[in-house]
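A quick write-up on the structure given underneath.
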Amino acid sequence: RKAAIQVGLALSFLWFMPMLSVRNLVEMACIPFLMMGVWMAYTAVENARSLIRFLFAGLIIGLAFSIRFQTIIFIGGVGLVILLRRKYWEAVAFGLGALMSIILIQGIVDMFIWGRPFAELMEYIRYNLAHKTEYGTNNPYMYASIIIGVMLPPLGWLWIVGFFRNWKKTLIIVIPTLLFTAFHSYFPNKQERFIFPALPFFVTAGIIGWYKIRESKFWVNHPGLIRGLSIAFWVINLI
């Protein structure tokens, strides 16, 4: 519960979220659908929910694709984790749900507007492949440095450690987030905003892992250090 409260506070007040969440950016608009879909898939996996739950999780997270096409990497990562948990029919239901969302919006709507299904998607892919080196290209470590930068020290950097420390418990967050980050790190066309959909997931899984780290003997014996790091972090964040 404490970790959940801190995740909520961080995603509300961590410096970049209030600034970016009010911008008219597809990278921000897709986040609620990604987070809701992941939450529904996670609770379905952990609580052995029915196939309908997985189908609905796919329907919800599939809406993110129609806002930001690159989120297909993230959606595929969630499906992969469901498969890794040996829930094969559940993975099929999840995939069908996402596919239904995509067909309804990218297929039927495009058929009505452009006279052919997936017209916008095909044009988007064609354009980006043709012009992939004409925009702000950067080194492969660009997004890693952005993530380290926006996760302010000292507490934010401990969240990054926590993201990797507790990866087994938060696998349904970690795998899609890393796949999404790896794809953008590999693709030549790089802009800072492209990584925005992954940032809340680094925070969420990072704080969960940080609370696991705090259970170690060192941190249990140094509550004052945790308090000091927290105060320093929020002061820097406020500035």
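Residue check: is Leu63 in a helix (DSSP H, G or I), open to solvent by 40 Å² or more (accessible area, probe 1.4 Å) and not aromatic (Phe, Trp, Tyr)?
yes
How do the pairs read when you match residues in region 217-230 that are assigned to a helix (DSSP H, G or I) with residues anywhere that are of a type in the set (D, E, K, R), using Cβ under 8 Å and keeping only pairs 6 or more apart or on different chains?
Val220/Arg214; Ile226/Arg214
Could you go through region 111-121 and let me know if any residue there is among the aliphatic types (A, V, I, L, M), more than 21 Å from Cys30 (Cα to Cα), without any contact (Cβ under 8 Å) to a residue 40 or more places away in the chain and part of a helix (DSSP H, G or I).
Within region 111-121, one or more residues are among the aliphatic types (A, V, I, L, M), more than 21 Å from Cys30 (Cα to Cα), without any contact (Cβ under 8 Å) to a residue 40 or more places away in the chain and part of a helix (DSSP H, G or I).
Can you pull out every residue in region 174-195 that is under 19 Å from Ile82 (Cβ atoms) and either of a type in the set (D, E, K, R) or open to solvent by 40 Å² or more (accessible area, probe 1.4 Å) (or both)?
Of everything in region 174-195, those that are under 19 Å from Ile82 (Cβ atoms) and either of a type in the set (D, E, K, R) or open to solvent by 40 Å² or more (accessible area, probe 1.4 Å) (or both) turn out to be Ile175, Leu178, Leu179.
Quick one: is Glu90 within 25 Å of Ser185 (Cα to Cα) and of a type in the set (Asp, Glu)?
no
What about Ile52, is it assigned to a helix (DSSP H, G or I) and surrounded by 17 or more Cβ atoms within 10 Å (Cβ to Cβ)?
When the stated conditions are applied, Ile52 does not pass them.
Pull up region 192-216, narrow it to residues that are among the hydroxyl-bearing types (Ser, Thr, Tyr) and in a helix (DSSP H, G or I), then point me to the one that is farthest from Arg1 (Cα to Cα).
Taking the candidates together, the pick is Thr204.
Taking region 105-133, which residues are loosely packed, with under 11 Cβ neighbours inside 10 Å and either among the aromatic types (Phe, Trp, Tyr) or in contact with a strand residue (DSSP E or B) (Cβ under 8 Å, 6 or more places away or on another chain) (or both)?
Of everything in region 105-133, those that are loosely packed, with under 11 Cβ neighbours inside 10 Å and either among the aromatic types (Phe, Trp, Tyr) or in contact with a strand residue (DSSP E or B) (Cβ under 8 Å, 6 or more places away or on another chain) (or both) turn out to be Phe112, Tyr127, Thr133.
Given Ile5, Ile102, which one is open to solvent by 10 Å² or more (accessible area, probe 1.4 Å) and under 27 Å from Met151 (Cα atoms)?
Going through Ile5, Ile102 in turn, the sole match is Ile5.
The values are calculated or read from the model by the stated rules, or taken from the named source; none is laboratory data. Just so it is clear, the structure is predicted and the values come from calculations on it, not from any experiment. Virtual Cβ from ideal backbone geometry, glycine too; neighbours counted across all protein chains shown. The accessibility values were calculated without ligands, DNA or RNA, using every heavy atom of the protein model including side chains. Shrake-Rupley method; radii C 1.70, N 1.55, O 1.52, S 1.80 Å.
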